[in-house]
1. Looking only at strands (runs of 3 or more DSSP E) that fall completely inside the stretch 197-275, which ones have 3 or more residues that are in contact (Cβ under 8 Å) with a residue 40 or more places away in the chain, buried (at least 16 other Cβ atoms within 10 Å of the Cβ) and in the same structural domain as residue 169 (by TED's automatic domain parsing)?
2. Would you point out which residue out of 96, 86 is assigned by TED's automatic domain parsing to the domain that holds residue 129, at pLDDT 90 or above and touching a strand residue (DSSP E or B) at 6+ places or on another chain (Cβ under 6 Å)?
3. Report whether or not residue 69 is at pLDDT below 95, out of contact with any helix residue (DSSP H, G or I) (no Cβ under 8 Å at 6 or more places or on another chain) and in a helix (DSSP H, G or I).
4. Mind counting the residues in the stretch 172-183 that are modelled with pLDDT of 85 or more and within 18 Å of residue 118 (Cα to Cα)?
5. Go through the stretch 190-224 and report how many residues are under 31 Å from the mean Cα position of the chain (by Cα) and more than 20 Å from residue 310 (Cα to Cα).
6. For the stretch 276-304, how many residues meet the condition of being outside any loop (DSSP other than H, G, I, E, B) and either closer than 19 Å to residue 33 by Cβ or at pLDDT 65 or above (or both)?
7. Go through 444, 399 for me and flag whichever is under 17 Å from residue 338 (Cα atoms), in contact (Cβ under 8 Å) with a residue 40 or more places away in the chain and surrounded by 15 or more Cβ atoms within 10 Å (Cβ to Cβ).
8. Of the residues 505, 473, only one is surrounded by 14 or more Cβ atoms within 10 Å (Cβ to Cβ), in the same structural domain as residue 455 (by TED's automatic domain parsing) and at pLDDT below 90; which?
């Protein structure tokens, strides 16, 4: 106790001592955590020596522990016989731990005397037990198990010095809350001068600008005081164990210490500061069995050095504004994970934070249930297991839709829109995305149909060449073009297959293009047969009928393309001319198929009556068969399209 405090105590005004003792106890709490970490890492170095162990210099300086020689303790630690560790100054380290515990206990003892606390005898008993255990150290030697017995935070294993620290820290926080009668824009402060209060106001300006987004979730309480020449600012963020944020500000440097049980959230938090040149130290993982499954948490320290005080206050405001986006972050990540991969989930959450929407409103309105409901509405049924929005909409549309969801939820909740209205907006938006995706697939189907027109026209041109002697070179070129068009048609079919999964509307286009691709295959096969034709003209009668059949296929392909183009505009209550044009195009496709049957029979009759070599007869017969099969496939495609369009109109 300092001279000034001793004088105050002698005057009987003991309550004036309490703020200083609480401040000293909280500072001791920072130091004891450093000593625990130092001992734990030293033990790890003994058991599993690392070539480049950490030195904890930054942590030591941040918590105000003097003695640069401590920075070499971890690297100098070695294992010793009998399950012991040789740690330089081990007994002295434990003595400093006990001194810190006494500093933490002192304000609680005084608070009990003042009627503000109770249970101090139990704390004294626990401190005595820890002191007795610490006597197991001999200079640089101590049992490895002793470190675990002192630093464990798992209550079911029995009491430890670490648990005593945690309980005393809670008591100190309660006292600090009671003592923090002064509030700076919502932060509980004491012992601050005007210059430090200005920095706290900057931090709170940012925090207050976004904290409405936490809705009714607890958290974001801020306390601030002085630790030597440093402004010490702490925010409780949420309720998660080991989710801690402490800021030390001295001069123009702000050192942020952040720990989290979720490494993904820690990395996400770091990514929010891209506009500031923070220097992040390597993230370190720690084990504490009392925290979570596996007992792992992660610690990161980032330092920002401002060019002037104005930039420092801008940074503090920005830092304060980001904290709300950490609350329930992992729950939001899990709720979105069912719709897009992890990398895309992080993209959405980062966008939501950068734009100031956050994710809490999304969770409040329903989270993943909200999206599943919209999917059921859009596809007129339950989504199948494992369906991914990227497969159904494409990656860009899936991300755009999820961004719309979090934005709509945030805006709706903050403006007190009914949840039912927000759900309807999300439903309508997803339905529009599905419609847009279907239009893209329809564009691919139209492009595929245009290739069928090219193929049919090429085959017709080839049939015309059959009447000319010595046309084999031209026929070979037609076959080459037909092969390239058929390959392009296959590529479009594969593109549709890759874009769809289990969505009813999307599956239709896969079925349609698979049927239409049979047309392309038959037409390309017909063009291939041209290359087998002998170097002489085809029989006149058979050629005339084959040309008529080829013309039918051109007409049918053109009508199929027209039917697809018109289908885009056919809907219930729409223009009757669109429906009439669509149905007439489908009807002409079926007529082409019937006429092609008659044409093929006529070609067979003409071939039997013709006097020609077997090669010429074979080629004409095969081309006729290919064209008739193409007409069959074309009619099948037209009927598939008709049934889908009519069913969609009836259901709308």
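1. Details: elements: 222-227, 230-235, 244-250, 253-260.
Here the list is empty.
2. Values: 96 fails: touching a strand residue (DSSP E or B) at 6+ places or on another chain (Cβ under 6 Å).
The unique qualifying residue is 86.
3. Working: at pLDDT below 95: yes; out of contact with any helix residue (DSSP H, G or I) (no Cβ under 8 Å at 6 or more places or on another chain): yes; in a helix (DSSP H, G or I): yes.
So residue 69 fits the description; yes.
4. First, the residues of the stretch 172-183 that are modelled with pLDDT of 85 or more: 172-175, 183.
Right, trim to within 18 Å of residue 118 (Cα to Cα) and you get 172-175.
Here the count works out to 4.
5. The qualifying residues number 13.
6. Our first condition is that a residue be outside any loop (DSSP other than H, G, I, E, B); within the stretch 276-304, this holds for 279-280, 284-287, 293-304.
Filter once more, so that each one left must be either closer than 19 Å to residue 33 by Cβ or at pLDDT 65 or above (or both): 279-280, 284-287, 295-304.
Counting residues in the stretch 276-304 that are outside any loop (DSSP other than H, G, I, E, B) and either closer than 19 Å to residue 33 by Cβ or at pLDDT 65 or above (or both) gives 16.
7. Working: 444 fails: under 17 Å from residue 338 (Cα atoms).
From the options 444, 399, the qualifying one is 399.
8. Details: 473 fails: surrounded by 14 or more Cβ atoms within 10 Å (Cβ to Cβ).
So the residue among 505, 473 that is surrounded by 14 or more Cβ atoms within 10 Å (Cβ to Cβ), in the same structural domain as residue 455 (by TED's automatic domain parsing) and at pLDDT below 90 is 505.
The values are calculated or read from the model by the stated rules, or taken from the named source; none is laboratory data. As the structure is a computational prediction, the values presented were derived from the model and not from experiment. A quick note on method: Cβ atoms are made from the backbone with ideal geometry, for glycine too, and the neighbour counts reach across all protein chains shown.
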